[in-house]
Amino acid sequence: MKLSIRNRTSYRFDRPVFLEPHVIRLRPRVDAALWPIALVLEVDPQPAGRAEYLDLEGNVVTQVWFDGTTDHLAIESHSTVETLLTDPFNFLLDGPGRLLPDAYPVELGNRLRTYRKAPDAVPRAVQELALATAEEVGRRQERFPSALATRLHREFEVETRDEGPPSAPEDTVAERRGACRDLAVLFIECCRGMGLAARFVSGYVYIDGSGDRELHAWAEVYLSGGGWRGYDPTLGLVVADRHVAVAAAAEAADAAPLSGSYRGSATASLETLVELATAP
């Protein structure tokens, strides 16, 4: 499937401010499931400098910095991508007899420690949710993530919250509702509570024709033999060819589409626009 994506984020300030350096994570990533065909990234005001590099998590990011003051900041990306993953279950699990929470050989588990937690570091309410789901699937690691995504989709109400960081996973459990980023963080914490490595993903999802959309969030779980596999608890899906990842990280803040600040005494207003459509 080919998708055309337009993302515009614009800030207006009620008085001029000085923009500190900003990091932009809007470039669709290149991997076995996704191939970018075209990308244009426009920034207004014109940056004094711009650089692209790989961050600690392996995401391609753009850093921009500015001279002078401004009353606005607009970042617009246009991209065309081809999604390639039509069968998300097409992999051969290494060590299929391993049951949760013993998901990995020791050496691999140590290398994945950035994305894991000790079970006693996971809040009790989250651990109980994870354990109940694991028991339903006989603690089989390849079945747990999809069962968990289905359960969160079924039992939690989805809400829209345009700004702010994800809620603490224990708060999401208590309220039984959350935005996509809240459910992604809860999913990740449940996986970590059962010994699995998991990380936060930001990007886009194409659902049903063209139109206005929003940035979306989901999670990836590392399965030995399958690598990083995506799961969307908001939609209750295993990720395939309708998701477009732009960044992934152990912590949600490190996958944010835009990071930066400004100097000055001003009030900012935010407008966003995301459009997705199939491309010829």
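Worth pointing out:
- Length gained when the stretch Ala121-Glu76 is fully extended (0.36 nm per residue, less Cα-Cα span): 12.2 nm
- Compared with the rule-of-thumb size 2.2 N^0.38 Å for a compact globular protein, region 1-147 has a Cα radius of gyration ratio of 1.48.
- Restricting the calculation to Cα atoms, the chain shows an Rg/Rh of 0.99 when the hydrodynamic-style radius is the Kirkwood one.
- Each Lys and Arg adds +1 at its Cβ and each Asp and Glu adds -1 at its Cβ; summed about the Cα centre, region 1-109 shows a dipole of about 320 debye.
- Taking the number of Cβ atoms within 10 Å of each Cβ as an exposure proxy, the fewest-first ranking of Ser202, Ser4 is Ser4, Ser202.
- Whole-Å distance, taken between Cα centres, linking region 51-86 and region 111-148: 33
- For region 106-255, with +1 on Lys and Arg beta carbons and -1 on Asp and Glu, the positive-most of Leu148, His243, Gly227 along the dipole: Gly227
- Whole-Hz Karplus values for region 185-200 come out as 5, 5, 4, 4, 5, 5, 4, 5, x, 9, x, 8, 7, 9, 9, 8 Hz, taken residue by residue from phi with 6.51 cos²θ - 1.76 cosθ + 1.60 and θ = phi - 60°; glycine and proline positions read x.
- Exposed loop sites were defined as chymotrypsin sites (Phe, Trp or Tyr not before Pro) in DSSP loop states (anything but H, G, I, E or B) carrying at most 14 other C-beta atoms within 10 Å; in the chain the longest segment without such a site runs 92-280.
- Amide H contacts of Gln141 (H built 1.01 Å from N, under 5 Å, at least 5 apart or other chain): Leu100
- Converting phi to 3J(HN,Hα) with the Karplus coefficients 6.51, -1.76 and 1.60 and the offset θ = phi - 60°, region 60-74 yields 7, 10, 10, 9, 10, 9, 9, 10, x, 10, 8, 9, 7, 8, 10 Hz in sequence order, with x at every glycine or proline.
- Taking the convex hull of the alpha carbon positions in region 106-255 and averaging its projected area over all directions gives 8.8 nm².
- Per-residue Cβ neighbour counts within 10 Å put Cys191, Cys180 in the sequence Cys180, Cys191, beginning with the fewest.
- Under Karplus coefficients 6.51, -1.76 and 1.60, residue-wise ³J(HN,Hα) of region 221-227 in Hz, glycine/proline x: 10, 8, 10, 4, x, x, x
- The chain - charge dipole about Cα centre, Lys and Arg +1 at Cβ, Asp and Glu -1, debye rounded to 20: 520
Computed from the coordinates by the stated procedures, all read-outs in this text should not be read as laboratory data. Not measured: the values here are computed from a predicted model. Neighbour counts run over all protein chains shown; Cβ positions are idealised from the backbone, glycine included.
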